[in-house]
There are 2 protein chains.
Amino acid sequence: MIGGEPFRVEDGEGWERVEEATLFDHRWIRVEQATFRTRNRSGEVTWVVSRRPAGAVVAPQLPDGSFLMIRQERYPVQRVLWEFPAGLIDDPRFREDFSVIEAAALRELEEETGHRLLPEGRLVSLGHYFSSVGFTDEHCYLFLAQGVGPTGEGLRLDGGENILEVRAFPVTEIREMIRRNELVDANSLVVFARLCALGFIA
Amino acid sequence: MIGGEPFRVEDGEGWERVEEATLFDHRWIRVEQATFRTRNRSGEVTWVVSRRPAGAVVAPQLPDGSFLMIRQERYPVQRVLWEFPAGLIDDPRFREDFSVIEAAALRELEEETGHRLLPEGRLVSLGHYFSSVGFTDEHCYLFLAQGVGPTGEGLRLDGGENILEVRAFPVTEIREMIRRNELVDANSLVVFARLCALGFIA
């Protein structure tokens, strides 16, 4: 298992934020202009940084080895996409307590697929990643939920989300969707990369 | 080859932007509040969308099969990261002309690694992806530059960038970095996923 504790952007390898100003502040995004001093350059550098809450992504695997994906309306990209379930982590205690992140992943699993871990199932950490390193501090924690089954209670969605379909895909079909450029969101592609590199899929 | 023409967020599967208001506007990011009407829901939905320029990422492969990566300071995440070279596409004609995107990829290759395609080399499109589909329209076009060699002229960096090292990695080492959660940016991980799914790496 990798990534057994939360990643902290604040730790930053001894980097110093010499100065910062908020340019824009909204519920889901804060744009800052920040000046940094780092170990690798003599001067200072100023950068515009969009700060975002962290997220959790989960690849739910059925006992037959296939993976559940959801088909969801995504307004920023004006597309309906097949993806692994994911959501923001809105409890700030996640920085101290990895179980808050695991709980967020399991909640998204239940809400967005109507499935949960089976008694013999397990949640495996696949580490974290950054969605756009020149632009935002946004990062997501990745999980494999190995052994899931239906809750019997269906999906639980909030107002904005629109999930049109939940379906199981064998690994060969997911690979084919990636090959055909049909799986196009970073979350799902990065989970696939980690599952490959860690040997969970061939 | 996939993704032989630019992707257009504007095409959006018949979605309608009923209303939009700019909440914040800056050189590299525009935050909008937009109301959408889609084929899949009866009512309308309002969403905050961060609009960004598109990008290009390139995986430069040496004749011996290894890949060049760069070690770069990334201020938004306060980290020094190993990544494939990448940059924004600042020429808006890319929406009509795929060669503008290819040129951006080849320019980043030269500027950030001091390498270019060899006469027998080729640039292979690996499609596109979206970095954070609930947040931003940002998308990047991915390429494999198969067969690169040194320009002899070194790197050409602009003011803000700080590339500390350029090095060739065999595929086994890249896989190991992904396994150990050391390769953490979406660009590089998504390129790896596409290279795997398309059979360019084992």
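The values are calculated or read from the model by the stated rules, or taken from the named source; none is laboratory data. Please read all numbers here as calculations on a predicted model, not as lab measurements. Reconstructed Cβ throughout: ideal geometry from the backbone, glycine too, with neighbour counts over all protein chains shown.
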Looking at region A:146-159, is at least one residue at pLDDT 95 or above, part of a strand (DSSP E or B), surrounded by 19 or more Cβ atoms within 10 Å (Cβ to Cβ) and more than 7 Å from every other protein chain (Cβ to nearest Cβ)?
yes
Out of all the residues in region A:162-180, is one or more within 30 Å of B:LEU88 (Cβ to Cβ) and in contact with an Asp or Glu (Cβ under 9 Å, 6 or more places away or on another chain)?
no
The condition of being surrounded by fewer than 20 Cβ atoms within 10 Å (Cβ to Cβ) and more than 9 Å from chain B (Cβ to nearest Cβ) holds, among A:VAL18, A:VAL45, only for A:VAL18
Identity of the residue in region B:162-202, part of a helix (DSSP H, G or I) and of a type in the set (Val, Ile, Thr), that ends up surrounded by the most Cβ atoms within 10 Å (Cβ to Cβ):
B:VAL190
Residue check, A:ARG39 against (1) outside any helix (DSSP H, G or I); (2) in the same structural domain as A:ALA193 (by TED's automatic domain parsing); (3) in contact (Cβ under 8 Å) with a residue 12 or more places away in the chain, all met but one. Which one?
(2)
The condition of being within 15 Å of the chain's Cα centre (by Cα) and on the phi > 0 side of the Ramachandran plot holds, among A:GLY154, A:GLY127, only for A:GLY127
Checking A:ARG71 against (1) charged (D, E, K, R); (2) touching a residue at least 60 places away in the same chain (Cβ under 8 Å); (3) touching a strand residue (DSSP E or B) at 6+ places or on another chain (Cβ under 8 Å); (4) under 30 Å from A:ARG17 (Cα atoms), which test does it fail?
(4)
Spot the failing condition for B:SER99; the list is (1) part of a strand (DSSP E or B); (2) more than 14 Å from chain A (Cβ to nearest Cβ); (3) surrounded by fewer than 19 Cβ atoms within 10 Å (Cβ to Cβ), and only one is missed.
(1)
Residues of region A:42-84 that turn out to be part of a loop (DSSP other than H, G, I, E, B) and out of contact with any Phe, Trp or Tyr (no Cβ under 8 Å at 6 or more places or on another chain), as a count:
6
Looking only at region A:111-131, and only at residues there that are among the small types (Gly, Ala, Ser) and in a strand (DSSP E or B), the one that is nearest to the other protein chains (Cβ to nearest Cβ):
A:GLY127
Restricting to region A:132-144, give me the number of residues that are outside any strand (DSSP E or B) and either surrounded by fewer than 19 Cβ atoms within 10 Å (Cβ to Cβ) or more than 11 Å from the chain's Cα centre (by Cα) (or both).
5
In region B:1-33, which residues are assigned to a strand (DSSP E or B), at pLDDT below 90 and closer than 23 Å to B:ILE101 by Cα?
B:ILE2
Among the residues listed as B:PHE135, B:PHE143, B:PHE192, B:PHE169, the single one being closer than 26 Å to A:ARG41 by Cβ and aromatic (Phe, Trp, Tyr):
B:PHE169
